[in-house]
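Working notes for the structure below.
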Amino acid sequence: MLVPAEVWTVAKAEQGSAVLIKPVGSDIAVPIFIGPLEAQSILIGLANHKMPRPLTHDLFISVLKQAGVKITRIEITELKEGTFYARLLLSQEGEDFIIDSRPSDCIALAVRCKCSLYIDEGVVDEAGISISTVKPEKETIRTETESKLTILQKQLENAVEMENYEEAAIIRDKIKEFEKNL
């Protein structure tokens, strides 16, 4: 059975970045390990940060809107052999349809659209961990990551607005280096 859930945090772990999905009202979270670019996209969406140019997830949402398609919710449906599966539930002119997707892409879209997120109870039972076992500094890492990225993005926007393209290129390179180290 699917239960309502939320993105609890994005954290850096020994194995890489993880997004932790927590059923609403639960003290259990499911860590889903994702790549650094996916983590960055989710963090940008959580921070509601507007980029000077649309990222892939922003572009996808724009295309859906132009086509009259709405993301109604996302679902993390199963865990097979260590791989999580998810799907987008879409609606267009009263017709609903489902698209298979990676959980990281679904989550990056959900945080931008503010749509509902659901997770299968079986997935929570199999992969869930107590949130008390997650060290508090992981939340700090998320906040620091969001802050540094936000500052760099604002600096880049300002440099482009002032048509200082040399400075913009330097800041762009700093952002790329920062993203590579996420």
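The table for this structure:
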| quantity | calculated |
| --- | --- |
| Percentage relative contact order, the chain, counting C-alpha pairs under 8 Å, at least six apart | 25 |
| Dipole in debye (nearest 20) - the chain, about Cα centre, beta carbon charges: Lys, Arg +1; Asp, Glu -1 | 320 |
| Estimated 222 nm signal from helices in the chain, with DSSP H stretches of n ≥ 4 weighted -39500 (n - 2.57), rounded to 500 | -14000 deg cm²/dmol |
| Loop GluC sites (Glu not before Pro), the stretch 39-131, which have at most 10 other Cβ atoms in a 10 Å radius of their Cβ (DSSP) | 81, 93 |
| Unsatisfied cross-links (Cα-Cα over 18 Å) in the set 148/176; 154/176; 50/70; 50/148; 50/114 | 50/70 |
| Eligible aspartates and glutamates near residue 65 by straight Cα distance, threshold 14 Å, same-chain separation 8 or greater | 93 |
| Segment residue 59-residue 133, length gained on full extension (0.36 nm per residue, minus Cα span) | 23.0 nm |
| Cβ charges +1 (Lys, Arg) and -1 (Asp, Glu), total dipole of the stretch 1-99, debye | 340 |
| Additional length obtainable on full extension of the chain from residue 83 to residue 173, 0.36 nm per residue less Cα span | 29.1 nm |
| Between helix 103-113 and the chain: long-axis angle, C-alpha atoms, 0 to 90°, nearest 10 | 70 |
| Residue of 128, 45, 25 that the Gaussian network model of the chain assigns the largest fluctuation, springs spanning Cα pairs under 10 Å | 25 |
| Full-extension gain in nm, residue 157 to residue 115, via 0.36 nm per residue minus C-alpha separation | 12.3 nm |
| Loop trypsin sites (Lys or Arg not before Pro), the stretch 1-96 (other Cβ atoms within 10 Å of the site Cβ: 10 or fewer; DSSP) | 50 |
| Selected from 124, 171, 91, residue furthest toward positive end of dipole (the chain; charges at beta carbon) | 171 |
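The numbers here are math on the coordinates, done by the rules we state, and not lab data. As the structure is a prediction and not an experimental result, all values here were calculated from the model. With ideal geometry, Cβ positions are generated from the backbone for all residues, glycine too; neighbour counts draw on all protein chains shown.
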